[in-house]
Amino acid sequence: MTVITLDAGGTNFEFSAIKDGKFIGKAIRLPSQAADLNRCLETMKNGFAQIIDTLDEPPDAISFAFPGPADYERGVIGDLPNLPAFKGGGIALGSYLEKEFRIPVFINNDGNLFALGECRQGFLKELNSGLKESGNTHQYKNLVGITLGTGFGVGVSINGKMLKGDNNAAAEGWKLRNRHHNYSFIEDTVSTKALRRIYAEQIAIDPDQSPSPEEIYQIARGEKQGVQPAAIESYLRYGSALGDAIANIITIIDGAVVIGGGISKAYPLFKRTMLDELNGHFDLLNGQRSSRLVQKVFDIEDDWSAKKFFEPSIKEVEVSGSDVRVPYQDEKRIPIGISRIGAGKAISLGAYFFAKEALSGK
């Protein structure tokens, strides 16, 4: 099966083709023309057409991630703040492309497709291979995908299938409550805009004059001039809010966690406070303590933590009054780590598998 896909950014659109789960040919990048609907649609049409012209045979489908809000099931895009061309909403993008190319078109959000791609050919596949190689018989079937960039994206794969929900609105993690500001949502601390604001607040400058998240990362590492303690603190606050949000998700979705997106590069700066939240505790009203999660979270990016995670976790216990022994998992483990294949590639692969399953009826 051959699927044409698109990485839709606010500045550029990147078109590519995937066949049998592998990228083929060269990607094509075109300016998104995000301010004008007609020019934006024309860019999409031209980009897909150029990719199709490079193929030896007609593609089976078009499948890609596009920002929401949207009715993804019907291919209708809502009012998008980062793509002014779609302001006002109600753009039947899926039907437009189907009419133009006469092949099925599938659209979903980047968080969902990221999780599906990482499940099939990324983090989860590598994780389970590592467990087998270590002699650990436990295998993971569920995955929470987190994308850290402009905002906080979430996708969930259950038993290898995308969790969509009855309204195609599952895993809208950006609506989770903010740990630091419980009257607001998570993106007020876990976003590029928030990182700039937190840094600016500490040194009393206008947030509009604050460095970019990448520059704040460089300041924190001493690679760029700036107020290093403020830069470090910005990522520490980011990490604790992120950890609290992930803990809430893991409480319901008992699965591995993979993080991708531009800000995932700063993982060494925010992981400590993130893990403190995940492996932290509640102070109960009776004066006792209870762990934040039923599971223990292991940082796969840390050699010691990864080694402990991959060690066999199944023990045996005797059946009373007999010689029979049964397996027993005495520690519930959740791995967390960074995407090995990159968010863009994972999203495109997720789009491929999403289309493939829809066309095969599975």
Criterion first (of a type outside the set (Ser, Thr, Tyr), surrounded by fewer than 17 Cβ atoms within 10 Å (Cβ to Cβ), in contact with a helix residue (DSSP H, G or I) (Cβ under 7 Å, 6 or more places away or on another chain) and over 17 Å from residue 349 (Cα atoms)) does residue 45 satisfy it? yes
Would you point out the residue of segment 99-153, among those that are among the acidic types (Asp, Glu) and surrounded by fewer than 17 Cβ atoms within 10 Å (Cβ to Cβ), that is nearest to residue 9 (Cα to Cα)? 100
Condition check: aliphatic (A, V, I, L, M) and out of contact with any helix residue (DSSP H, G or I) (no Cβ under 7 Å at 6 or more places or on another chain). Does residue 85 satisfy that? no
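Listed here are the residues, each with its yes/no results for (1) within 19 Å of residue 108 (Cα to Cα); (2) more than 26 Å from the chain's Cα centre (by Cα); (3) in the same structural domain as residue 172 (by TED's automatic domain parsing).
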site: 24; (1), (2), (3): no, no, no
site: 37; (1), (2), (3): no, yes, no
site: 40; (1), (2), (3): yes, no, no
site: 45; (1), (2), (3): yes, yes, no
site: 69; (1), (2), (3): yes, no, no
site: 73; (1), (2), (3): yes, no, no
Inside segment 165-192, can you point out the residues that are touching a residue at least 40 places away in the same chain (Cβ under 8 Å), out of contact with any strand residue (DSSP E or B) (no Cβ under 8 Å at 6 or more places or on another chain) and either hydrophobic (A, V, I, L, M, F, W, C) or surrounded by fewer than 18 Cβ atoms within 10 Å (Cβ to Cβ) (or both)? 180
Looking across segment 229-268 at residues that are crowded, with 19+ Cβ neighbours inside 10 Å and of a type in the set (Phe, Trp, Tyr), the single one that is farthest from residue 148 (Cα to Cα) is 235
Of all residues in segment 333-362 being surrounded by 12 or more Cβ atoms within 10 Å (Cβ to Cβ) and among the basic types (Lys, Arg), which is nearest to residue 110 (Cα to Cα)? 345
Count of segment 1-15 residues which are at pLDDT below 90, of a type in the set (A, V, I, L, M, F, W, C) and under 15 Å from residue 117 (Cα atoms): 0
Output the number of the condition that residue 322 fails; it satisfies all remaining conditions of (1) surrounded by fewer than 20 Cβ atoms within 10 Å (Cβ to Cβ); (2) closer than 30 Å to residue 21 by Cα; (3) polar (S, T, N, Q). (2)
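Answer with yes or no whether residue 106 is in contact (Cβ under 8 Å) with a residue 24 or more places away in the chain and either touching a His at 6+ places or on another chain (Cβ under 8 Å) or closer than 22 Å to residue 357 by Cα (or both). Step through it out loud before you land on a result.
Values: in contact (Cβ under 8 Å) with a residue 24 or more places away in the chain: yes; either touching a His at 6+ places or on another chain (Cβ under 8 Å) or closer than 22 Å to residue 357 by Cα (or both): yes.
Judged against the criteria, residue 106 is a match.
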Mind counting the residues in segment 269-313 that are loosely packed, with under 12 Cβ neighbours inside 10 Å and in contact with a Pro (Cβ under 9 Å, 6 or more places away or on another chain)? 0
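Being more than 19 Å from residue 354 (Cα to Cα) and buried (at least 16 other Cβ atoms within 10 Å of the Cβ) is the requirement here; does residue 66 meet it? Don't jump to the end; show me each part of the working.
Values: more than 19 Å from residue 354 (Cα to Cα): no; buried (at least 16 other Cβ atoms within 10 Å of the Cβ): yes.
No, not satisfied.
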Residues located in segment 256-276, provided they are closer than 19 Å to residue 343 by Cα and not in a strand (DSSP E or B): 261, 262, 263, 264, 265, 266, 267, 268, 270, 271
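The values are calculated or read from the model by the stated rules, or taken from the named source; none is laboratory data. Remember, predicted model here, so these are calculated numbers, not experimental data. We place every Cβ from the backbone using ideal geometry, glycine too, and count neighbours over all the protein chains shown.
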